[in-house]
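Report on the following structure.
Only the coordinates and a few stated rules stand behind these numbers; no lab work does. All figures in this text were calculated on a predicted structure; none of them were measured in a lab. Positions of Cβ are generated from backbone atoms using ideal geometry, with glycine treated the same way; all protein chains shown enter the neighbour counts.
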Amino acid sequence: MGKLSEAFVGLDKKTALQVVREELESGRDPLDLVDEARKGLERVGEKFDSGEYFLMELMRAAQIFQAAAEVLNPAIRQAYGEVTTKGRVLLGTVAGDIHDLGKNIVKILLECRGVEVIDLGVDVPAEKFVRSVQENHPQVVGLSALLTASVAEMNRTTEAIEKAGLRDQVRVIFGGGIVGEIGASRLKADFATTDVNQGIRQIEQWIGRVDPGAGMT
Amino acid sequence: MTETMTHYERIIAAYRLEEPDRVPVIPINSYFLPYHVGMTIRQAQREPDRLIQAHLDHQDLLGDAVHPFQSGHDHLGLFGRTGWDQTTLDWRIYEDFPPKGNLPNLYEKDIIEDYDDVFERGFSTLLFNLKLENQIWKRSVHDFLYFEFDYLKVWAAAWRRFVEESGISLLLGGRACHPLDLLQYYRGIFNLVSDLYEQPEKVKAMCEWLAEYEAVRAMGRAMTMGAGEVPGADTILFINGGPPGLSPAMFDEFYFPYAKKMIDMFVKRGFKVHNHWDTDLTPNLRTIARLADGLPKGKLLMDFEKTNMKKAKEILGDKMCIAGNVPVVMLIYGTVAEVEDYCKTLIHDCAEGGGYMLGGECDIPWDAKPENVRAMVEAARKFGQYKASGRESKGREARSGFSPNERRILEEIKAGLQPPTREELDRVTAKWLFGSNTETMMKYAPWSFVLTKLMWKKGEEPWAR
């Protein structure tokens, strides 16, 4: 594991940024550094899975990645021009619910992995999801909620996507405090989870592995 | 199935880590019962007599203690009350349940931009912060005056009547919130994560600042609700939702000290504390056990959401009463048999030796199936009988006020209470409102709110939106 990955695992933002700057100055390929940073992030994810790290550490690692990306992006643009993302995910908290914590965590972690995220915000009506699927053609639609009552709204939103004839074009994932406990037969999603890492993995599996530089600019 | 204790005696015995006649059951009903009887949210918020009657008519769904619903709309007053405050809750008066209406939601916004600014100017300027949906300014004068000055007294009288008529205890009198929970709403989770790593001392100073405010006002509220006179009103519901996913080390550093400070203050001044813990805190149980250090038994209840209850019993069982964990999702989507089985297992794992109450993970959802809530309440009777009751009471005679034993318990509580003085309440409220300008502002009270205008920065004024 390189110095940059180690800095991620140690959640040491100062060292991570210092390594990025020094390595860029010494002429290292910025995409190598992105790759190493993502390995560090993955290692943090593994520690989260094993119970050694908690959600707070996972979010901190993502923040460090964002800070590193700010330094790396100009170097990537200079070396490679614009790099496009390979995956696009549409996220939003369904109508009647204004909780956005879970959605925001998923968003930041997906962006760190080079996935483009279109965030519709909170209290989003089903029609707005449908419109955005038609306009943006995401591979995945992520519906978030905390309130128990919102489960019905998640199902209604998925039905609206289906009625618009778009269901075959997207995978639908439900995330939030309660959905993981409800039997899959009651949910109209392709996948539902309360575990952020599990959700991220599923989305990545659906959209395929992204290129090292994807999403960095 | 013989019941030899009153609802209140049963609750008190469990708090004292003794075996009551059977396991007490305490579903937290804020919205479930109004919905079940066909009331709208507006009616539940505005018609205390009707709501109380609904509770009296449906005691089979209530258990041994009831959550006095009025705490659910604390946010309707400009200065809030306790717990989630006016800056973190939606201020709307909702009309109805979903899908027509909605329940009050918690905000998580970047309301505090600079800790030092709040220390200096207090929260008064934030009351006008444009990031808040402060619809309170669009209300009628009547609504404003009612929710600011009258409603708590009206509701306290209504719930006192309910307790006197039903014998069912109140679950709480006042409510407080852990300062770090409040900070999550003031700063948003991502800013708070940065703060915990990059400016921990400011976070700690703000927690210290908010802890006293929350605690003193919660005790003041409990007094209004009848602490020492109404069973259960001396209990503070202490919300420890917890920013999600704190590691045990961070929990010890940022969460434990302020929880301990507030709990100590409550207990040393004669109040009981019903601690509500969201998420799974199994890794933190040994730290939570230390919350009882130096305190007398019989004052603490730990009410858990996802925490492993068997482990909680093992680690906390000889120090504090435990409750919670019946999944709210099961109450909506599950069957009566599933609820019964879950409750039976919980009772099997936790009830031995006393110090246990059967309860849900959190508030019973408004759309829970009534038969499932009834099954949970019944499970305490069906599976929660203790072989030999530690103490025996003749019980409460129907609708004749409190039993002699209940009156004795209340007298003991009343004698031990050290409620906040008017001066103390004014001091913490003024400090919260005006920060380091408190002394000057209080000198010129009641003109302080006019003077607040001078503290607004450009663009903060309510008319700037």
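Quick notes on this structure:
- Of the two radii for the range A:45-166, the radius of gyration is 1.04 times the Kirkwood radius, both from the alpha carbons; that is the Rg over Rh value.
- Computing FRET efficiency as 1/(1 + (r/R0)^6) for residue B:143 and residue A:163, where r is the C-beta to C-beta distance and R0 is 60 Å, gives about 0.90.
- In order along the range B:182-199, the Karplus-derived 3J(HN,Hα) couplings, from 6.51 cos²θ - 1.76 cosθ + 1.60 at θ = phi - 60°, round to 4, 4, 4, 6, 6, 10, x, 5, 5, 5, 5, 4, 4, 4, 4, 8, 9, 9 Hz, and Gly and Pro are given as x.
- Chain A - convex hull of alpha carbons, volume per residue in Å³: 111 Å³
- Between residue B:371 and residue A:127, the FRET efficiency from the beta-carbon distance, with R0 = 41 Å, is close to 0.70.
- Shape of the range B:214-348, Cα gyration tensor, a/c cut at 1.5: oblate
- Summing Cβ point charges (Lys, Arg +1; Asp, Glu -1) relative to the Cα centre of the range B:7-429 gives a dipole of roughly 1020 debye.
- Legend: ranking of residues B:193, A:9, B:336 from fewest to most surrounding C-beta atoms inside 10 Å; resulting order B:336, A:9, B:193.
- Estimated FRET transfer efficiency when R0 is 22 angstrom, pair residue B:252-residue B:352 (beta carbons, to 0.05): 0.15
- The radius of gyration of the Cα set in the protein assembly as shown, together with its Dmax, comes out at 26.1, 87 angstrom.
- Scanning residues 5 or more positions from residue B:101 or on other chains, those with amide H under 5 Å from its amide H are B:96, with H placed 1.01 Å from N in the peptide plane.
- Reciprocal mean inverse distance between Cα atoms of the range A:3-80 - Kirkwood radius, Å: 12.4 Å
- Positive-end extreme of charge dipole, the range B:7-429 - chosen from B:58, B:122, B:213 (charges on Cβ): B:58
- Listed values for the range A:133-149 are Karplus-derived 3J(HN,Hα) couplings in whole Hz (6.51 cos²θ - 1.76 cosθ + 1.60, θ = phi - 60°), namely 5, 5, 7, 10, 6, x, 7, 10, 10, x, 9, 10, 6, 10, 6, 4, 5, and x replaces Gly and Pro.
- Counting neighbouring Cβ atoms within 10 Å and putting the fewest first, the residues A:120, A:72, B:417, B:300 line up as B:417, A:120, A:72, B:300.
- Between the helical axis of A:55-80 and the longest alpha-carbon principal axis of chain A there is an angle of about 60 degrees.
- Across the range B:223-232, computed HN-Hα scalar couplings (Karplus, 6.51 cos²θ - 1.76 cosθ + 1.60, θ = phi - 60°) run 5, 4, 6, x, 3, x, 10, 10, x, x Hz from first to last residue, x flagging Gly and Pro.
- The mean count of C-beta atoms from other chains within 10 Å of the C-beta of residues in B:187-199, rounded to a whole number, is 4.
- Whole-number percent relative contact order across the range A:87-207, with pairs defined as alpha carbons under 8 Å at least 6 apart: 28 percent
- Restricting attention to the range A:3-80, the count of lysine pairs at 8 or more positions apart or across chains with alpha carbons under 14 Å apart stands at 4.
- Taking 0.36 nm per residue of sequence separation and removing the Cα-Cα distance, the residue B:424/residue B:154 pair yields an extension gain of 94.8 nm.
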